[in-house]
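Note sheet for the following structure.
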Amino acid sequence: MERRTDSAQIETLLSWCSAHNLQIDQRLQVVPDNTGLAVYSGAAFVNPSQTLIKIPKSAVLSVKSCSASQFIETSPYGLDAQLALSLALLIELERGRTSIWYGYLQSLPDGTVDLPLFWGIENDSGTGSSNDSDSPEALKWLEGTEIERLLFDAEGIPISDRIRRYFAEVVVPTMARLPPEVVPESSQPTLQQFFRAYSLVSSRAFLVDAYHGLSMVAIADAFNHSYDNHVHLETEYEVCPDCGSLQQCPHDQDPTDFSSPSKAAETEDDYEMVSNANISPHSEVFNTYGETLTNAQLIAQYGFSLDVNENDRITWQFDDLVKFLDGLPIPRRSSGNPVVPAPNAPFGLPWKILADSFDQNVFIDLDLIDPLHNVDVFCVTCEGKVSWQLWLLISSYFSARLIPADEMLSFLARLGEYHTLWENGNEDTAADGDLDTMILVVKAIAFAVVSLCQERKTRVGRGTTRRQLGDLVDHSQPRAKLVLLQVITELSILESSEALWSETDF
Ligand SMILES: C[S@@+](CC[C@H](N)C(=O)[O-])C[C@H]1O[C@@H](n2cnc3c(N)ncnc32)[C@H](O)[C@@H]1O
């Protein structure tokens, strides 16, 4: 769907930037592209570590800075923060030219960003949008995919229901309470307008610091995404959540603590976009919306996917995995008493200690788990490998049936070593000890991974082969096409993993 921003809108945006002290390095140009705006370099080469954009904190639109700040409850992150910022944005949009962000807001895409959570419900919002003809087909292929899971909150409630509920329970009453100097009394935004505000927040907002939280940041949001990015936004997150001060302030709990060095005033007042790679002349300058984002996450949150995305993975939730493992045959020793696993803690393991003790070889760094881009830890990667967390969960599940609880930690450490030797065909060099038990568990892990992949394959792609899906892509409308490509990727990951883990010679 094309939604090019025209040059008059860009000019108004740039005048607004100068009026609000937002500085853009002359080597960069904001230009129209098919999705709205994009940023390109000019004739000059740009080196890394250059500050290219300075955005005064006073220019960001957040719940704290908006015209109705005292009427909106803030939330630090997650869906609640997105909903609150959507309301703040909606109010500023309703204010039209009287909003101090008008020059910025007029440059944003006109319609609702095409996110799957709105598919099939656009017509319910009262505008009779016609984009929806493609939705039934797209929704059909969405079933069982990684995208589908992202359309629900942690309690399993559809995010679209949460948005509607927030509109009815918070947006409508808040709009009715606002004094006329904030929005005119005649202003009664529709659910469709709130959908648009939500879609803009979902696809453009940044978590800037502990004071402003999730915010709309002009120009920073004009960059498209790539994981080979050239620039990133730098902010000091740890500011006072009450007043935004980076230095000591009256809200500090310990007034005698003067340990934090005071920063220069200019660092305190600006957010900065800084280059982290060379930028060639006349090329598009990319930001990254998250280094670990999968295509499913990009589609759900931003409405687009990359042609190739090495972050793609298939994920499972902890409870579903345990239920699945419960249905598999438990490996048994030919002699010795079976062990009854500890019923409470998951398999009696100190998960945090185990997680911390994994070294550089691990697939996912725990530091990458952040509230906005939550990394799903139990997964198979696009190469078909399992994440260490999935390996650990499966191996401890089976080991708990074979090994007494107080020996589990050391057994799992030895099992990890043995599994690595075995993968490389060097299992003969393993020290003796409980070799038989380790072989049993390694076989059970391989069997479990193959079974998990096979089971997931029955739920993705409606039993259609990848070749047939490929033929369908060519004749599909944009939404169905986007989902079909995702289905093909997911099936291919599952097939690679199944092949990799079946290869093992038992
Ligand atoms: C933060 S905005 C980036 C600027 C954007 N072009 C605009 O002004 O609307 C995010 C939106 O840009 C588009 N976008 C960003 N990176 C993209 C990419 N690599 N491929 C396709 N669309 C992309 C998507 O429509 C996404 O929702």
**Prompt:** Accessible area of GLU11, 1.4 Å probe, to the nearest 10 Å²?
**Reply:** 130 Å²
**Fill in**
If the label point sits 7 Å along Cα→Cβ of ASN278, residues of segment 39-67 with amide N under 13 Å come out as 45-48
**Item:** Per residue accessible area in Å² of segment 182-252, where ligands, DNA and RNA are left out and the probe is 1.4 Å
**Value:** 38 Å²
**Request:** Take the alpha carbon atoms of segment 84-108, find their center, do the same for segment 406-437, and report the distance between the two centers in whole angstrom.
**Result:** 60 Å
**Complete:** Descending accessible area (1.4 Å probe), largest on the left, turns ASP221, ASP320 into ASP320, ASP221
**Request:** Would you mind calculating the gained length between ALA43 and ALA405 on full extension (0.36 nm times residue separation, minus the Cα-Cα distance), in nm to one decimal?
**Result:** 123.8 nm
**Asked** Applying 1/(1 + (r/R0)^6) with R0 = 45 Å to the Cβ-Cβ distance of SER7 and ARG462, what FRET efficiency is obtained, to the nearest 0.05?
**Response** 0.50
**Asked** For the pair GLU291 and SER15, what calculated FRET efficiency results from E = 1/(1 + (r/R0)^6), where r is the Cβ-Cβ distance and R0 = 41 Å, to the nearest 0.05?
**Response** 0.75
**Message:** Suppose accessible area is computed on protein heavy atoms with a 1.4 Å probe; arrange PHE167, PHE195 from highest to lowest.
**Reply:** PHE167, PHE195
**Prompt:** FRET efficiency for ASP269 and ALA210, Cβ-Cβ distance as r, R0 = 22 Å, nearest 0.05?
**Reply:** 0.85
**Prompt:** What part of the accessible area of segment 368-488, given as a whole %, is carbon or sulfur when the probe is 1.4 angstrom?
**Reply:** 52 percent
**Request:** Might you tell me the accessible area per residue for segment 426-484, computed with a 1.4 Å probe and given in Å²?
**Result:** 54 Å²
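If you roll a 1.4 angstrom probe over the protein chains with everything in place, what fraction of the accessible area of segment 3-53 belongs to carbon and sulfur, to the nearest %?
46 percent
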**Message:** With a 1.4 Å probe and all protein chains left in place, how much of the accessible area of segment 136-187 comes from carbon and sulfur atoms, in whole percent?
**Reply:** 56 percent
**For segment 278-292, 3J(HN,Hα) per residue [Karplus equation, 6.51 cos²θ - 1.76 cosθ + 1.60, θ = phi - 60°, Hz, x = Gly/Pro]** = 5, 10, 6, x, 6, 10, 6, 9, 10, 9, 10, 7, x, 5, 10
**Asked** Quick one: length gained pulling GLN23 to GLU417 fully straight, 0.36 nm per residue minus the C-alpha distance?
**Response** 136.4 nm
**Prompt:** Probe 1.4 Å, all protein chains in place: accessible area of GLU383 in Å², nearest 10?
**Reply:** 120 Å²
**Request:** Between GLU185 and SER226, with labels modelled 7 Å along Cα→Cβ, what's the label distance in nm to one decimal, could you check?
**Result:** 5.4 nm
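Rank these residues by their accessible area, most exposed first, probe 1.4 Å: HIS282, HIS225.
HIS282, HIS225
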**Request:** Decide, for segment 5-141, between rounded, prolate and oblate: order the square roots of the alpha carbon gyration tensor eigenvalues as a ≥ b ≥ c, take rounded if a/c falls under 1.5, and otherwise choose prolate if a/b is larger than b/c, else oblate.
**Result:** oblate
**Message:** Probe of 1.4 angstrom, ligands and nucleic acids ignored: what's the accessible area per residue over segment 6-83, in square angstrom?
**Reply:** 47 Å²
**Message:** Rounded to the nearest 10 Å², what accessible area does VAL487 have for a 1.4 Å probe in the complete protein model?
**Reply:** 0 Å²
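The values are calculated or read from the model by the stated rules, or taken from the named source; none is laboratory data. Values in this document were obtained by computation on a predicted structure and should not be read as measured data. A quick note on method: Cβ atoms are made from the backbone with ideal geometry, for glycine too, and the neighbour counts reach across all protein chains shown. Note: accessible area is taken over every heavy atom of the protein model, side chains too, but ligands, DNA and RNA are not part of it. Shrake-Rupley method; radii C 1.70, N 1.55, O 1.52, S 1.80 Å.
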